[in-house]
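Structure record follows, encoded as structure tokens.
The values are calculated or read from the model by the stated rules, or taken from the named source; none is laboratory data. Just so we're clear, the structure is a prediction, and the values are computed from it rather than from any experiment. In this analysis, Cβ positions are derived from the backbone assuming ideal geometry, glycine residues included, and neighbour counts consider all displayed protein chains.
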Amino acid sequence: MKKKNGKHSLTLEKRNQLKGLVFVLPFIIGALAFFIYPIFFSVRISLAQEIKIVGMKMSGWTFDSYKRAFIVDTSFLPEFKDTVVFTLTRFPLTIILSLIIAILLNKNIKGRGFFRVLFFIPFLLGSGEVMQQILNQGVERAVLNINDGRIIPYNVLMYFGATIMDTVQTVFGSLVTILWGSGVQILLFLAGLQSISPSLYEAAKIDGATEWEIFWKVTIPMISPMMLLNIVYTLVDSFTSKDNKLLGYIRTYGFSNNEYSYAAAMSWVYFLFIALVVAIVFGIMKKYIHTNEIEEVRKRERKHRVFTIEKAPRRTFE
Amino acid sequence: MSVNTESSQSKKRLEGLLNNLALRWYLFKRKYSTFSGLKQLLLRIVMYLLVIGLAFVFVYPFLYMIVNSLMSNSDLNSSSVNWIPTELKFENFSVALDLINGKKTAEKTFEKFLTETLEADPDASMFKVRIDYVIRAIRIWFTDRKYIVNSTFVTVLATFGHVITCSFVGYGFARYNFPFKKLLFGLVILAFIVPTQTLIIPSYLTYSNIKWFGGNWINTYYPLIVPTFFGFGLRGALYIFLFRQFYLTVPKSLEEAARIDGCGFMKTYWKIVFPLAKATLVVAIVLSVVWHWNDSYETGIYVQTPSKQFLPPRIKSIISAANALPDQQQEMLRQLGLEDGEDTLNNAVVMAGATVISAPVLLFFAFAQSQFMQGIERSGITGE
């Protein structure tokens, strides 16, 4: 395209730009074919009045599908609410627990490599069919079993009553599933913790900071970019997980009932909500994120200092 | 004489060991006898207990799977057997494998083939028949294990596509400036955020109306493999991001030196920069393999032909067999050409199937784990 001008007439900068475009070209093609085109297609489907499946011909424009989702369909909004509440209650726990585990695994303990591998095993079994089968058998409740009288004696159990113990057991069960689902998050936090230079910790210790202060004033700011990545990943992952009820609901409309336009409309409402949540997270986190800008400021300061030191001795000699 | 020296030597060794232990004990006492030392010791103990307890929680599903897969019916039903089966029942695995692979075609076809060829042409040389036999044997061996072969095929190709393209694109984003760079990188982030499920309906309709590669990609593996070669597919954007983060940490002087030596930009990339990304490569490969192997959403929608199915969903057939009535179970076993035992189809077989299904990934990770963990430490993922 642009190479018609001949290679020699291009400036170095232009040539570099072309090289960059060559590298990104597969992604551009992919984005057009597998991302942007489906997006517009999906919007068109959700707004179409009539769809002929053979040959994919659409006609007419209406908002009926969207109206149907909010006004007519009585089970869409409750399902939506359930999914959102489920996700939003679980994701802070995922982040906090995986951060704690990552910090533990980053400590100087014996067999650290071994433990790191162990903590990754649930991820390998995955969110796939195998883990689903294990979860169907109620294993997550058996891990921290308090109802069998081993950890807490029966007398105490009797005192609290069955309903309370059952709710506690359920909470434990969901904690365990959260832990099993946090393999990647632990990994990302570990990578973040590894990238913090030890000199920062040494400096803090010399200045007399306690472990607690070091955690809040060194560790947390330094891994805040990773925190953002992790939060976004966790949000997206749990919003799109396999056992998500709403997605199952959309899928039945799309592929079992063949109501494409309604299914597309619902998934757009859902996606816009996810995008909103992610945008809010970005907005909140932006203030607290430690970036390289600080280093840039430091560089500027250093330049300034050199300038003053150079000037000072001359004055004294005069 | 020799006995004497040996015994004296062993005595000396023992003394040395005791001295060593005493010294260690002394140092240990001195270190932890003070209040702060004691506090440190307690903290360390608590930390170890916490790590070991958490490790138990994390390994639990794996242990549960392995232990249950080896249990017999009486072990499953007895309340006194929790962790250690009274007898190891390895037949569970063979039954599970047979259920996963479905009906065996191999042996019957062989017999049929031999009798047919010999009837048609009694003078055929035995050598030729044997060669044909071997070729057929290999083909049938693979068709009998088609689910494993299918899963491996798609996983390997898709991972290859991800690694090759995402590293390439990531380098472009890390090193070069070009028009719309920010917009394109925004697209990468957006592709990461937009769930597959939002785009699955238009994608499905597009693939079913596509014209290339013989048209209609539904029930082929193209929808799973082709997008990965363009940086999309299952979480493709994440790998682009990973590689970009790594290439940002590579010093520019390396490429400049290569350029001065007369190396073109493509060659510089493939021969000099790409090999440096080994650690990130391992991370990307492991993640991609695990996700592709375990994925059942996209695979379930794009591929519906029974013979093209993948390994993980096959566990459903075992579960349905295990949940069936006893008569039906006997019928199933007979169809598979198995002897009908008393207690063959139970939860132990389901867990054996789960073990078989997840074994390739677990083995792969066992081989890659040391490099993978190093990769995590060195990959320069800092999230900025």
Filter result for residue A:30 (of a type outside the set (Asp, Glu) and either touching a helix residue (DSSP H, G or I) at 6+ places or on another chain (Cβ under 6 Å) or more than 10 Å from chain B (Cβ to nearest Cβ) (or both))
yes
Sort out which residues of the range B:273-290 are closer than 14 Å to residue B:242 by Cα and crowded, with 20+ Cβ neighbours inside 10 Å, and write them in order of number.
B:277, B:280, B:281, B:282, B:283, B:284, B:285, B:286, B:287, B:288
Are any residues in the range B:138-185 of a type in the set (D, E, K, R), over 22 Å from the mean Cα position of the chain (by Cα) and more than 14 Å from chain A (Cβ to nearest Cβ), and if so, which ones?
B:139
Residue satisfying condition, being at pLDDT below 85, surrounded by 15 or more Cβ atoms within 10 Å (Cβ to Cβ) and not in a loop (DSSP other than H, G, I, E, B), within set A:270, A:233, A:262
A:262
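Suppose we filter the range A:94-133 for residues that are part of a helix (DSSP H, G or I) and within 30 Å of residue B:319 (Cβ to Cβ); how many remain?
From the range A:94-133, those part of a helix (DSSP H, G or I) are A:94-106, A:112-118, A:121-125, A:129-133; that's our starting set.
Subsequent filtering for residues that are within 30 Å of residue B:319 (Cβ to Cβ) retains A:94, A:117-118, A:121-125, A:129-133.
Qualifying residue count, the range A:94-133: 13.
Counting only residues that are among the hydroxyl-bearing types (Ser, Thr, Tyr) and modelled with pLDDT of 80 or more, how many does the range B:69-93 have? Before you say what the answer is, go through the steps one by one.
As a first pass, look at the range B:69-93 and keep what is among the hydroxyl-bearing types (Ser, Thr, Tyr): B:69, B:72, B:74, B:78-80, B:86.
The next check asks that each one be modelled with pLDDT of 80 or more; those that pass are B:69.
Residues in the range B:69-93 being among the hydroxyl-bearing types (Ser, Thr, Tyr) and modelled with pLDDT of 80 or more: 1 in total.
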Among the β-branched types (Val, Ile, Thr), under 24 Å from residue A:107 (Cβ atoms) and out of contact with any Phe, Trp or Tyr (no Cβ under 7 Å at 6 or more places or on another chain): is that true of residue A:210 in this structure?
yes
Verdict on residue B:254 being more than 11 Å from every other protein chain (Cβ to nearest Cβ), over 27 Å from the mean Cα position of the chain (by Cα) and part of a helix (DSSP H, G or I)
yes
Can you name the condition, by its number, that residue A:49 falls short on among (1) on the phi > 0 side of the Ramachandran plot; (2) more than 14 Å from every other protein chain (Cβ to nearest Cβ)?
(1)
Taking the range B:60-79 and keeping only residues that are surrounded by 16 or more Cβ atoms within 10 Å (Cβ to Cβ) and within 11 Å of chain A (Cβ to nearest Cβ), one is left with B:60, B:61, B:62, B:64, B:65, B:68
Members of the range B:1-51 found to be more than 30 Å from residue A:210 (Cβ to Cβ) and small (Gly, Ala, Ser), listed by number
B:2, B:7, B:8, B:10, B:16, B:22
